[in-house]
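Everything on this sheet refers to the single structure shown next.
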Amino acid sequence: MHILAGKAGNLLNMADLASNAGISQPTCKSWLSILENSRIIYLLRPWFKNRTKRYVKSPKIYFTDTGLLAYLLKYSDSDTLMTSSIMGNIFENMVIMEFIKNKFNKRLHCDIFFYRDSNGVEVDLLIDEGTAISLYEIKAAKTIRPDMAKSFKSIVSQNGSREQAALRKYLLSFHENQLQLDNEVKALPWSDAMLIVS
């Protein structure tokens, strides 16, 4: 679990994880299954138009309890955590798990993924509601800059007409106000994002 904590917010690499833990890949897969079924970790799948690809491509690892994640990484207080080099990963972990808890608590009919294309363009969170797709980039920052939303720029041309027609883009952060970054991207305080999906 300590090894997994260091990889929160990253793609799952089974071979690397097994090697670091000194176990075989089948054992690693079995232990991960136990942690996932016990709701200790959550494996977020990548979004693809081809549904089969969603299950064969590497997921990203998150901890359902961000407090447990901070404990495993030995952050004893918020000041140390806020200045750490992996604050971005921990903040991303927390926000994504809030979306997932929101989905299950409200029994929402949506699917939650991350977006990554063959060119390496990645967006932290994608929510597919069937008639609309919302993309969220998550930044552990209080100051907003337009370049924080640069990963959105090449996505429209990658998708089909259905996704283009109902594609919403948001930047989530510690910033306290809602801002329109450009014609397509809206910046929101991370806590406001829970009100969008309902």
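The values are calculated or read from the model by the stated rules, or taken from the named source; none is laboratory data. In this text, all values refer to a predicted model and were calculated from it rather than measured experimentally. All Cβ positions, even for glycine, are placed from backbone atoms using ideal geometry, and neighbour counts span all protein chains on display.
Condition first: over 19 Å from residue 135 (Cα atoms) and modelled with pLDDT of 90 or more. Can you find one or more residues in region 79-88 that meet it? First the steps, then the outcome.
Taking region 79-88 first, the residues over 19 Å from residue 135 (Cα atoms) are 79-87.
Cutting the leftovers down to modelled with pLDDT of 90 or more gives us 87.
Taking every residue of region 79-88 in turn, at least one turns out to be over 19 Å from residue 135 (Cα atoms) and modelled with pLDDT of 90 or more.
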> Only one residue in 124, 117, 77 is among the acidic types (Asp, Glu) and over 17 Å from the mean Cα position of the chain (by Cα). Which one?
Replying inline: 77
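Within region 2-20, does at least one residue satisfy the condition of being assigned to a loop (DSSP other than H, G, I, E, B), exposed (fewer than 12 other Cβ atoms within 10 Å of the Cβ) and modelled with pLDDT under 95?
So the first thing to find is which residues in region 2-20 are assigned to a loop (DSSP other than H, G, I, E, B), and the list is 6-10, 12-13.
Okay, now just the ones that are also exposed (fewer than 12 other Cβ atoms within 10 Å of the Cβ), so none.
No, region 2-20 has no match at all.
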> Would it be correct to say that residue 93 is within 14 Å of the chain's Cα centre (by Cα), in a helix (DSSP H, G or I) and surrounded by 12 or more Cβ atoms within 10 Å (Cβ to Cβ)?
Replying inline: yes
>> All but one of (1) assigned to a helix (DSSP H, G or I); (2) among the aromatic types (Phe, Trp, Tyr); (3) touching a residue at least 60 places away in the same chain (Cβ under 8 Å) hold for residue 115; state the number of the condition that does not hold.
In response: (1)
> Taking the condition under 17 Å from the mean Cα position of the chain (by Cα) and either free of Cβ contacts under 8 Å to residues at least 60 places away in the same chain or surrounded by 17 or more Cβ atoms within 10 Å (Cβ to Cβ) (or both), does residue 62 pass?
Replying inline: yes
> Pick from 107, 116: which is among the basic types (Lys, Arg), out of contact with any Cys (no Cβ under 8 Å at 6 or more places or on another chain) and surrounded by 17 or more Cβ atoms within 10 Å (Cβ to Cβ)?
Replying inline: 116
> Considering only region 119-153, how many residues are surrounded by 15 or more Cβ atoms within 10 Å (Cβ to Cβ) and free of Cβ contacts under 8 Å to residues at least 12 places away in the same chain?
Replying inline: 0
> Looking at (1) in contact with a Leu (Cβ under 8 Å, 6 or more places away or on another chain); (2) modelled with pLDDT of 90 or more, which is the one condition that is false for residue 128?
Replying inline: (1)
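Quick one: is residue 156 among the β-branched types (Val, Ile, Thr), surrounded by 12 or more Cβ atoms within 10 Å (Cβ to Cβ), over 18 Å from residue 97 (Cα atoms) and at pLDDT 80 or above?
Numbers: among the β-branched types (Val, Ile, Thr): yes; surrounded by 12 or more Cβ atoms within 10 Å (Cβ to Cβ): yes; over 18 Å from residue 97 (Cα atoms): yes; at pLDDT 80 or above: no.
Answer is no for this residue.
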